[in-house]
Amino acid sequence: MKSIPLSLGMTLAFSSFAAFSVSDACSKLLGGKLDPFEVAFSGGVFGFLLLPFIRKKHETYMDIFSTGQPGMWILRAVATFVATAASVKAFMLLPMPEALSLMFLMPLFVTILSVGLLKERVNGWAWVSVVLGFLGVLIVLRPGARELHFGHLCALVAALANAVGVIAYRLAGPDSARLSLFGSSLFGPLIGDGALMFTHATWPHGFSIWFCLFGYGFLAALGQLLMMMATALAPANRVALPQYSQMLWAVVFSYFLFHQPLDGWTFAGIVVVTASGMINWIRQHLRYERDVIEEYWKKQHHHVH
């Protein structure tokens, strides 16, 4: 049944965003200690630890570059490179909930791109959810009432780059080798961020620095793998919805780890943003449950006759 891969895809997406959330917290802990490009570079380095668990027996590691659509491979690599560099800088400059509120524009970008490029059907409730989420972002940022700076721009760029990455996974098709799909998400940060950090990188010192660096890099790569698996099982515009679960992680980390309490406007905006995603996801989940029940009764009716 279609509902089974959809549910599995949504579960993988939730797990992916949980991994991203802890990874983001690790990158914020490294603010002021390491160059942002150096932190993003670790996503490519430590991500290689996952390759033995992804590679099938008949595959070689050179299959990372084996793809029938080199254009999509390069696009995924570039999108991952831009997203990692921009998000690390955003989290270093902004409180986590504030940075995430801007990155939550990703579902808006995914929805628009999935309609235009993938020809996926998007119902009215999905568009209502996207608009509501956008209003929530405006409440958080309050443009005109407060100063916006480079960190906000980085968060916006990260949202757009992540959306392009999700669409690229879908455009690659179900027949693309998983090793190749995952490899593109490693070599993007490895080459792009590696080149940008080359002239001013410093060697990390201390266990805590290495622990956070590993936590960021490994979990970022794990999140990419889980998202790749999720987008193979569910439409791109639905896989984007569990991103809202990240806000719960961000609020917890903001209070207990970074001691950055939320003001009233920010909290209100976060509630609107999070509710927009959760309401739409619940509606779609109920709709698919209804479809499964209808399919069951149609089969029963067919057997009777």
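Just so it is clear, none of the values below were taken in a lab; they were calculated from the coordinates. None of the values given here were measured: they were computed from a predicted structure. Cβ placement follows ideal geometry from the backbone for every residue including glycine, while neighbour counts extend to all protein chains displayed.
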Quiz item: Between residue 57 and residue 22, what length comes free when the chain is fully extended (0.36 nm per residue of separation minus the Cα-Cα distance, one decimal in nm)?
Solution: 9.5 nm
Self-check item: Efficiency of FRET from Cβ geometry, residue 257 and residue 131, R₀ 30 Å, rounded to 0.05
Solution: 0.40
Quiz item: Which of 163, 88, 211 sits farthest toward the positive end of the charge dipole of segment 70-222, with +1 on the Cβ of Lys and Arg and -1 on the Cβ of Asp and Glu?
Solution: 163
Self-check item: Selection of trypsin sites (Lys or Arg not before Pro), segment 25-109, meeting DSSP coil and at most 13 other Cβ within 10 Å
Solution: 56, 57
Quiz prompt | Total formal charge among the other residues, if their Cβ is under 11 angstrom from that of residue 217, Lys/Arg +1 and Asp/Glu -1 | solution = -2
Exercise. Would you mind counting up the charge near residue 43? Only other residues with Cβ under 12 Å from its Cβ, with Lys and Arg at +1 and Asp and Glu at -1.
Key: -3
Quiz prompt | Cα-based radius of gyration of segment 1-131 once divided by 2.2 N^0.38 Å, which approximates compact folds | solution = 1.25
Exercise. Compute the signed sum of charges (Lys and Arg +1, Asp and Glu -1) over the other residues within less than 10 Å, Cβ to Cβ, of residue 56.
Key: +1
